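J.: To start, I am sharing the structure in question, which I have written as structure tokens.
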2 protein chains.
Amino acid sequence: MTPSQRVGLADDITERWATVRGPLFTDMYELAMAQVYVAEGISERRAQFDYFFRSAPDYGTHQAGFCVTAGLGPFLDWLDASRIEARHVEALAKMESTTGEPVFSAAFLEWLAAPERFDGIEINAIAEGRVVHAHEPIVTVTGPLAVCQLLETSLLNHLNYPTLIATKAARVVQSARGGTVLEFGMRRGPATGVNEGIRATLIGGCASTSNVEAGIALGRQPSGTHAHSLVQAYVATGGGELGAFRAMASSAPDGCILLVDTIDTLRSGVPNAITVFDELRANGHEPVGVRLDSGDLAFLAVQTAALLDQAGYPGAAIVLSSDLDELTIWQILTQIGDDAARIGVDPDPIRQRLVYGVGTRLITSHGSGALNGVYKLVGLENVNGSWAPAIKLSEESGKVPLPGRKVVWRLYDRRGSAIVDLIGLAGEEPLASDSTVIHDPSRSGVSQTLHRAEISHIEELQHVVDREPGSPSIDELAQRCSDDIARLDVGVRRLVNPHRYHVSITDGLRRLRDQLIADARP
Amino acid sequence: MTPSQRVGLADDITERWATVRGPLFTDMYELAMAQVYVAEGISERRAQFDYFFRSAPDYGTHQAGFCVTAGLGPFLDWLDASRIEARHVEALAKMESTTGEPVFSAAFLEWLAAPERFDGIEINAIAEGRVVHAHEPIVTVTGPLAVCQLLETSLLNHLNYPTLIATKAARVVQSARGGTVLEFGMRRGPATGVNEGIRATLIGGCASTSNVEAGIALGRQPSGTHAHSLVQAYVATGGGELGAFRAMASSAPDGCILLVDTIDTLRSGVPNAITVFDELRANGHEPVGVRLDSGDLAFLAVQTAALLDQAGYPGAAIVLSSDLDELTIWQILTQIGDDAARIGVDPDPIRQRLVYGVGTRLITSHGSGALNGVYKLVGLENVNGSWAPAIKLSEESGKVPLPGRKVVWRLYDRRGSAIVDLIGLAGEEPLASDSTVIHDPSRSGVSQTLHRAEISHIEELQHVVDREPGSPSIDELAQRCSDDIARLDVGVRRLVNPHRYHVSITDGLRRLRDQLIADARP
């Protein structure tokens, strides 16, 4: 198993990935609204929409203290590849109302089919792989109203799930405390959605995936050894577990990981594995390790480590799998400490040889299966070229989006830790005076004071998206993620009951929102 | 909104859907095992694998009493389209172990690249769309050992998630008690996986989807009207909510559904909608209805219905959306009964005009994000042509798969209700005598007696899969699902705390399993 190895991209697989979805991968109401805008002559009015989420995933017994944004690259690929063709127009032209009238007018379909329909929009975004928090505009789309509207569903689809999964992956990787985490979720994950999910797990810090196609497309050599069925096949035909292990070792003498729990882990699997490891070593090969896939993994890991040590394989890895997530890994590491102490051995060498195969609970974000990201109209250009901020009221006051053209700044303290993300209006200065009062974006009346002397560095998070081909590699995205997490306070990184990271809005933005709400109330 | 309308299939979209995944959409260890079988000369030995799940989805506070199988058709499409080509072989040939040796031998890659590599397998299955239960073999794959093994991950991926979602959809549809259910989940669902998920929701009984591409590919006209942003845009530019509604009505006079909660549902949205409905009617068009997307939906539905009735629109639909699932719909219907009684109106006409837009919680199977389906080796052909049943022991005794070549019978009582699914060995008779003792598949010692006189009909559930093109339409699959659910006891259909449907094994199968377990224990 060599998770960090790279394989050459298979261009055709990568290309197919980018074009899985067509230009009609969107919700019907986007087309219905675009048709209204075209009919009313306002389709080309410039508009601005923000993508943001309202709260970090809450897994029921625990909640994420931060998120990792993912999916922007594939969204841009989709956008580049999306061209409305005659076949799409034909399919739309066939749609009828209950009274038999066409749903879409010829005028609208002609507008839709214009060449480069999706050109002419500008995308500002926080770079993929960065740590992000609730309320902040992660992606801002500016362009013709009808075109911006058409992009809504696809943008949400491309970003919500990957951000959810990159976030979960970052948590799982953190729980492993330096241990390698492998993604194994294809078998129970959401059909083709696993491909985008796997990409997100690599951004979040997983070393590799079991999925061959995804590994090739993403440039990471996929990982995997054998299943119980290999042992079963040899048992059924008389070769037994030992025969299965010998066959596996013969086929992969330099990458041999044996699954030891098909019959009985400690009485059959590990002893048979050691027999085969001895044979491998006698032939000049070094075994890689064993995998445990059931039972009390912490107990079995301690016992397996002892058996491997006694046999002369202190370097053999122990791969754990079976319903792992960040809490089960934390529990396993804790229990290994207790169990090792009881039998008088040092737990650290055991922990350091562990590798984690994390499947279903990662690729489905167990406990919180969806991110509540939304895409909201925040501004519309007036006929005179000025911008009118847009507001959406709601029966729940915390859900009113932040209006207008905005900027997000990340403020770092003197130790280089990110301490607050501040959202302001375009043109504002983040720290205009020595002390600045900033406000909670959703809880009215909650504010704090920022002192300029405490701030060492201010980073503007959103940038104009560079649409050139050759987007950042998965390695670069994973590095961004890991760098950003390292700049978070340990309390924010905590798996359970994390510190609330401060996201605030400027006084100017708060006043604009309050004014618009007051104006809009009937 | 005309959910039952059909649109012509766009062949290219349908075709692209079928080939999203390539032949390497599988786990690395399947290839590793196939290589072992090729190297050891046993790759062509005939084997049998069963796909089954171990328990119905448990949503935390409630559990499904039955499942609906889905995904077989797309799996067969994938299988038909899967051809290993030179580019795939090249990508695999580049993979190396840590010591720089190729992971895959030239001999294995040559075997893999043989034309029609996936031919020569036979698939028996319970038809897609049928009600299924834990433990029963839903799909049985028979063929060369190495080829059957290669198919594992893709089969699991193609069936687990769609079966999970078809099951959730059937529950949501049941909770709606005849009300139309529309699928709206694309924006927060699992990236491209929503496409397979949407197909499953239609099998489970949803009338249509918001996703345009999916609607076209599946032959159902997609549904959708407008979002809050349309109203916001008109508010920001001075046209107000009324202006937005007029524009919408002008664009879709015969399909007009207005979203009434952008500003204030009862004080602004519904009155403005009624104004526009009057204008539509004056011009010879009949409005379709309104949509409520926030707040206390039951309360607002009762009030909205009263306002629409007073204005002369008793036939206008009320579409509800906002985090709906089977329990929230049940709660809304219950509360409407209470609220209507309190103000002295009949709740039934209100309930009958409701339409449900169900999004995130359906497409992610809220509360239970994965089905625990597995694919296990159950038999291997001996050199003499007889079959050796295969067993996999486990530290958890309930997880030992049922060995050997099996048959699944569904037994119906004199009222036509399905009362038990019985799993036996190929060649056995399901009811050989007047009374037959049958056994629980996982709880040792739990048995019951079947009396032949009580059984009116015995149906064999698995059939050889017909691989001809032109698989059943979504309508046929949905009909199968609905017919099967109608044949379940009401207690099994219950949303919360359902009756346990009896799945049993024959005495012969029980004895075979116990003997194999005894033989295999070390």
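J.: State the residue of chain A whose Cβ is nearest the axis carrying A onto B, and the distance in whole angstrom.
T.: Reported as residue, whole Å: A:G193, 1.
J.: If the limit is 19 Å between Cα atoms, which of A:K168/A:K376; A:K376/A:K399; B:K168/B:K406; B:K376/B:K399 go over it?
T.: Listed pairs above 19 Å: A:K168/A:K376; B:K168/B:K406.
J.: On average, how many beta carbons from a partner chain sit within 10 Å of the beta carbon of a residue in B:380-389?
T.: Average per residue, whole number: 2.
J.: Compute the normalised compactness of the range B:323-469: alpha-carbon radius of gyration over 2.2 N^0.38 Å, N being the residue count.
T.: The reported ratio for this selection is 1.60.
J.: What are the distances, in nm and sorted shortest first, from the label point of A:A282 to the label points of the same position in each other copy, with each label point placed 7 Å from Cα along the Cα-to-Cβ direction?
T.: Here A:A282 shows inter-copy label distances of 9.8 nm.
J.: Among bridges DSSP assigns within chain B, what percent are antiparallel (round to 5)?
T.: 70 percent
J.: Each residue of the range A:23-39 in order: what ³J(HN,Hα) in whole Hz does its phi give by Karplus 6.51 cos²θ - 1.76 cosθ + 1.60, θ = phi - 60°, with x for Gly and Pro?
T.: Once rounded to whole Hz, the list reads x, 9, 6, 7, 7, 3, 6, 5, 5, 4, 5, 4, 4, 4, 5, 5, 4.
J.: Compute accessible area for the range B:187-201 by itself and then with all protein chains, 1.4 Å probe, and report residues whose area falls by 10 Å² or more.
T.: B:R187, B:R188, B:G189, B:P190, B:A191, B:T192, B:G193, B:N195, B:E196
J.: Over the range A:63-183, what relative contact order in percent results from Cα pairs under 8 Å that are six or more residues apart?
T.: 39 percent
J.: Amide H neighbours of A:S442 under 5 Å, at least 5 residues apart or on other chains, H built in the peptide plane: list them.
T.: Amide H neighbours of A:S442, under 5 Å, 5+ apart: none.
J.: Label-to-label distances across copies for A:Q331, with labels 7 Å out along Cα→Cβ, in nm, shortest first?
T.: 2.8
J.: Right, next: Ignoring ligands, DNA and RNA, please state the percent of accessible area on the protein assembly as shown from carbon and sulfur, probe 1.4 Å.
T.: Roughly 49 percent, rounded to a whole number.
J.: Arrange the peptides A:353-364, A:115-126 so that the one whose residues have, on average, the most other Cβ atoms within 10 Å appears first.
T.: With the highest mean Cβ count within 10 Å placed first, the list reads A:353-364, A:115-126.
J.: Let me ask another. Just for the Cα atoms in the range B:240-293, what are the lengths along the principal axes, largest first, rounded to whole Å?
T.: If we take the Cα atoms of the range B:240-293, the spans are 28, 17, 15 Å.
J.: So who's got an amide H within less than 5 Å of the one on A:D296, skipping anything under 5 residues away but keeping other chains? H placed 1.01 Å off N, in plane.
T.: Those qualifying (amide H under 5 Å, at least 5 residues apart or on another chain) number zero.
J.: I've got another one for you. Within the range B:504-522, list the residues whose amide N lies under 20 Å from a label point set 7 Å along Cα→Cβ of B:A432.
T.: Once the point is set 7 Å along Cα→Cβ of B:A432, B:504-516 turn out to lie under 20 Å by backbone N, inside the range B:504-522.
J.: Still on this model: Take B:A311 and B:D323, extend 7 Å from each Cα along the Cα→Cβ direction, and tell me the distance between the two endpoints in nm.
T.: 2.8 nm
J.: Cα convex hull of the protein assembly as shown: mean projected area in nm², to one decimal?
T.: With every direction weighted equally, the projected area is 42.5 nm².
J.: Using a 1.4 Å probe on protein heavy atoms only, how many Å² of accessible area do B and A hide from each other, summed over both chains and rounded to 100?
T.: Roughly 9500 Å² of accessible surface disappears when B and A pair.
J.: May I ask for the net charge around A:R405, where only other residues with Cβ less than 12 Å from the Cβ of A:R405 are counted and Lys, Arg are +1 while Asp, Glu are -1?
T.: After counting each charged neighbour, the total is -2.
J.: Moving on to the next point. What value in Å³ per residue do you get for the convex hull of the alpha-carbon atoms in the range A:245-348?
T.: 98 Å³
J.: Sticking with this structure for a sec: Can you give me the long-range amide H partners of A:C67? Hydrogens built in the peptide plane at 1.01 Å from N, cutoff under 5 Å, separation of 5 or more residues or another chain.
T.: Answer set, sorted by chain and number: A:V132.
J.: Then there's this: What's the magnitude of the charge dipole for the protein assembly as shown around its Cα centre, counting Lys and Arg as +1 and Asp and Glu as -1 at the beta-carbon? Answer in Debye, nearest 20.
T.: 1560 debye
J.: For chain B, what relative contact order do you get, as a whole percent, if you take Cα pairs closer than 8 Å and at least 6 residues apart?
T.: 20 percent
J.: What whole-number volume per residue, in cubic angstrom, does the convex hull of the C-alpha atoms of chain A give?
T.: Expressed per residue, the convex hull around the Cα atoms of chain A is 189 Å³.
J.: Hey, how many Å between the Cα centroid of the range A:54-113 and the Cα centroid of the range A:163-240?
T.: 29 Å
J.: Per residue of A:263-272, count partner chain C-beta atoms within 10 Å of its C-beta, then hand back the mean as an integer.
T.: Partner Cβ neighbours, averaged per residue: 2.
J.: Taking B:G427 in one copy and the same position in all the others, each labelled 7 Å out along Cα→Cβ, what are the pairwise distances from the first, in nm, shortest first?
T.: Copy-to-copy label distances for B:G427: 8.7 nm.
J.: On to the next question. Sort B:161-174, A:304-317, A:283-296, B:316-329 for me by packing, meaning the mean count of neighbouring Cβ atoms within 10 Å per residue, highest on top.
T.: So the peptides B:161-174, A:304-317, A:283-296, B:316-329, ranked by packing, come out B:161-174, B:316-329, A:283-296, A:304-317.
J.: Okay, next question. Taking the alpha-carbon set of the range B:12-166, what are its Rg and Dmax in Å?
T.: Both quantities, over Cα of the range B:12-166: 17.3, 53 Å.
J.: Here is a follow-up. Over all residues in B:179-185, what is the mean tally of Cβ atoms on other chains that come within 10 Å of each residue's Cβ?
T.: What the average comes to for B:179-185 is 1.
J.: Taking the inverse of the average 1/r across all pairs of different Cα atoms in the range B:409-522, what Kirkwood radius in Å do you get?
T.: Kirkwood hydrodynamic radius for the range B:409-522: 16.3 Å.
J.: Nearest-5 percent of antiparallel DSSP beta bridges in the protein assembly as shown?
T.: 70 percent
J.: If you don't mind, another one. For the range A:126-243, what is the Kirkwood hydrodynamic radius in Å, using each pair of distinct C-alpha atoms?
T.: 16.9 Å
The values are calculated or read from the model by the stated rules, or taken from the named source; none is laboratory data. Every value quoted in this text rests on a predicted model; they were computed, and no experiment measured them. Virtual Cβ from ideal backbone geometry, glycine too; neighbours counted across all protein chains shown. Remember, those area values only see protein heavy atoms, side chains included, never the ligands or the DNA or RNA. Shrake-Rupley method; radii C 1.70, N 1.55, O 1.52, S 1.80 Å.
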